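Only one structure is covered here, and it is reproduced in the block below.
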Amino acid sequence: MRDAVGRLKRRAEFLRVAASRRKWAAPGLILQAAEAVLPDAAEAALPDDLAIRVGFTCSKKVGNAVERNRAKRRLREVARAVLGAEAAPSHDYVLIGRPETLRRPFALLLQDLRTALKRVGALRAADASKQATPDAEER
C-alpha cells in the first residue's frame, strides 16, 4: 500500500477541484475529483506515490469545531486506508464531511469512499477498463 499521499492546502486548489464538477455524494462523505495540474518538470520529479493529493473540509453544518475536527480525522483515516491503493494516480481529491460522517460505522465510510471513487471514474481498476473499452464514457 502506498503511504505517501500529498495534501491540498490552498483555497485555490480546493476551488480548482470543485470547478471540475466531478463529484459523488455518499451518505458518509462527498468526494470531488480532478486531474492534477502539475508543471512538466514537477510531474517528472514526482514519483507515482505523490501523484495523488487530497484535501479535507467540513462546513459548520457538520457541527461545532470539535465535531468538525473529529469528522476530518475520520476522513483522513479513510483516505489513508483507501486512496493510496485504490485511487487513480495524477488526480486531486477533496473529501467533504457530512453530519453522518460522525455517526457512520468506519467500514461503511470505507465502502462510501470506494463507491464514490468508482462513480467519479477515479478508481484504479476503472482506469484499466477505460483503456480497454474507449466507449465506456458513453454508457
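The values are calculated or read from the model by the stated rules, or taken from the named source; none is laboratory data. Please read these numbers as outputs of a predicted model, since none were measured by experiment. Neighbour counts run over all protein chains shown; Cβ positions are idealised from the backbone, glycine included.
In this structure, does D49 turn out to be loosely packed, with under 14 Cβ neighbours inside 10 Å and at pLDDT below 95?
Values: loosely packed, with under 14 Cβ neighbours inside 10 Å: yes; at pLDDT below 95: yes.
Against the criterion (loosely packed, with under 14 Cβ neighbours inside 10 Å and at pLDDT below 95), D49 qualifies.
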Flagged in the stretch 87-125 as at negative phi, of a type in the set (G, A, S) and surrounded by fewer than 21 Cβ atoms within 10 Å (Cβ to Cβ), in numbering order, are A107, A125
